[in-house]
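One structure is given here, and the rest of the page talks about it.
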Amino acid sequence: MYQDIYNQIEKYDTIVIARHIGVDPDALASQLALRDSIRLTFPEKKVYAIGTSSAKFLRIGRLDKLEKVENALLIVTDTPDKKRVDSVDFSQFSYMIKIDHHPFVEHFCDLELIEDTASSTCEIIMKLILHTNLCCDCKISELLFIGLASDSNRFLFNSCTSETFSLVAQFMREYPFDLAASYEKLYLRPLNEVRLEGYIALHMIVTENSLGYIKITDEIINQFGVDSAAAGNMVNNFNFIDDVLVWVTITEDVKNSQIRVSIRSRGPEINQVAEKYHGGGHKYASGVKLKTFDDAMKLISDLDQLLKEYKLAQKEEKLHGN
């Protein structure tokens, strides 16, 4: 499969690399790293990484402006379904490739490389580079590390395997970069975001079934001077609360007339609940976009019921084991 992708890259003079709406570091870093690798390997090719930019991730890298293209190759990274691909007119492309680590949702490309046990799409791009003649350098290596470290929450998730660590070690050895500076690009943030994090910690509601959630209204967003994306992304900062197994941020996004829900879990698999509300993601990290806070509270009720059943099953299993 890796060689098949390389053969298509070799075939086309114009290549566009896209990813999902609501950019995150793995999506951004995977498309930038792949773009730069192709440019390094084939300097004569026109290669573009496109999508809506985010001021939050400007330290990671910048995207390209794209005009109309013809007889071009499209590569979509980190995106399981067509409707979530950002800023793409599919009719412009002669051939399409998907590279993704999410559970399969739908087939929409001619060639699809899906490794849903990988820690990140950046991990898959690492293997693509190693198994083909694609070139790499220290900048590309850093991008791949940033995406992998972000999606694995600094190697805390079980999606990180011995292969993951071996890949990272190999890239750091062959294409070294400043590790501390890389983490700064990911985690350096303004004081007002830290203060909002404190607000969330103080006001998070925790149910008797160990579900933690908070509604972040537009009023709260304006009070702390942050954007809705930054507020929603803070769900990743509450991984290790002893009394919480599933935690949720419910963020009002006035600009796009929606409620963004981010869900994380240390216990039950929550992606099926997200899919019920037309969202999705990984077993322990999913998201949903809703119309109202009332819809969000219905989702919260379903998650709380899921947790209730999960804890009962655990209790029965423990009793049975004894």
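Please treat every number below as a calculation from the coordinates, not as lab data. All of these numbers come straight from a predicted model, not from anything done at the bench. Reconstructed Cβ throughout: ideal geometry from the backbone, glycine too, with neighbour counts over all protein chains shown.
Past 22 Å, Cα to Cα: identify those pairs from Lys83/Lys289; Lys56/Lys83; Lys11/Lys83; Lys45/Lys98, in the order given. Table pairs above 22 Å Cα-Cα are Lys56/Lys83; Lys11/Lys83.
Working note: Karplus 6.51/-1.76/1.60 with θ = phi - 60° gives the range 4-12 the couplings 4, 5, 4, 4, 5, 4, 5, 6, 9 Hz, where Gly and Pro are set to x. Derived scalar couplings between HN and Hα for the range 111-128 equal 10, 10, 9, 10, 10, 6, 9, 6, 5, 6, 5, 4, 4, 5, 5, 4, 5, 4 Hz in order, rounded to whole Hz, by the Karplus curve 6.51 cos²θ - 1.76 cosθ + 1.60 (θ = phi - 60°), x for Gly and Pro. Placing +1 on the Cβ of every Lys and Arg and -1 on the Cβ of every Asp and Glu, with no other charges, gives the range 192-321 a dipole of roughly 220 debye about its Cα centre. Label-to-label distance, Met297 versus Leu202, with points set 7 angstrom from Cα along the beta-carbon direction: 2.4 nm. Hull volume per residue, based on the alpha-carbon atoms of the range 71-206 and their convex hull, is 168 Å³.
Multiplying the residue separation of Ser257 and Asp227 by 0.36 nm and removing their Cα-Cα distance gives an extension gain of 9.4 nm. Directionally averaged projected area (the chain, Cα convex hull): 17.5 nm². Residues of the range 133-177 with an amide N closer than 14 Å to a point placed 7 Å from the Cα of Lys127 along the Cα-to-Cβ direction: 159-168. Between Asp178 and Lys45, the modelled labels are 3.1 nm apart [label points 7 Å from Cα along Cα→Cβ].
The tail of the calculated P(r) for the range 207-256, taken as Cα-Cα distances beyond 12 Å, holds 62 percent of the pairs. For the listed peptides 75-87, 113-125, a ranking on the average number of other beta carbons within 10 Å per residue, highest first, reads 113-125, 75-87. Using the Cα gyration tensor of the range 170-318, with a ≥ b ≥ c the square roots of its eigenvalues, what is the shape: rounded (a/c below 1.5), prolate (a/b larger than b/c) or oblate (neither)? Since a/c reaches 1.5 but b/c is at least a/b, the shape of the range 170-318 is classed as oblate.
3J(HN,Hα) couplings calculated from phi for the range 223-234 with the Karplus curve 6.51 cos²θ - 1.76 cosθ + 1.60 (θ = phi - 60°) are, in sequence order, 4, 9, x, 10, 9, 5, 5, 5, 5, x, 5, 5 Hz; Gly and Pro show x.
Shape analysis of the range 1-123 yields a ratio of the Cα radius of gyration to the Kirkwood radius, Rg/Rh, of 0.92. Seen from all directions on average, the range 1-71 presents a Cα convex hull projection of 5.3 nm².
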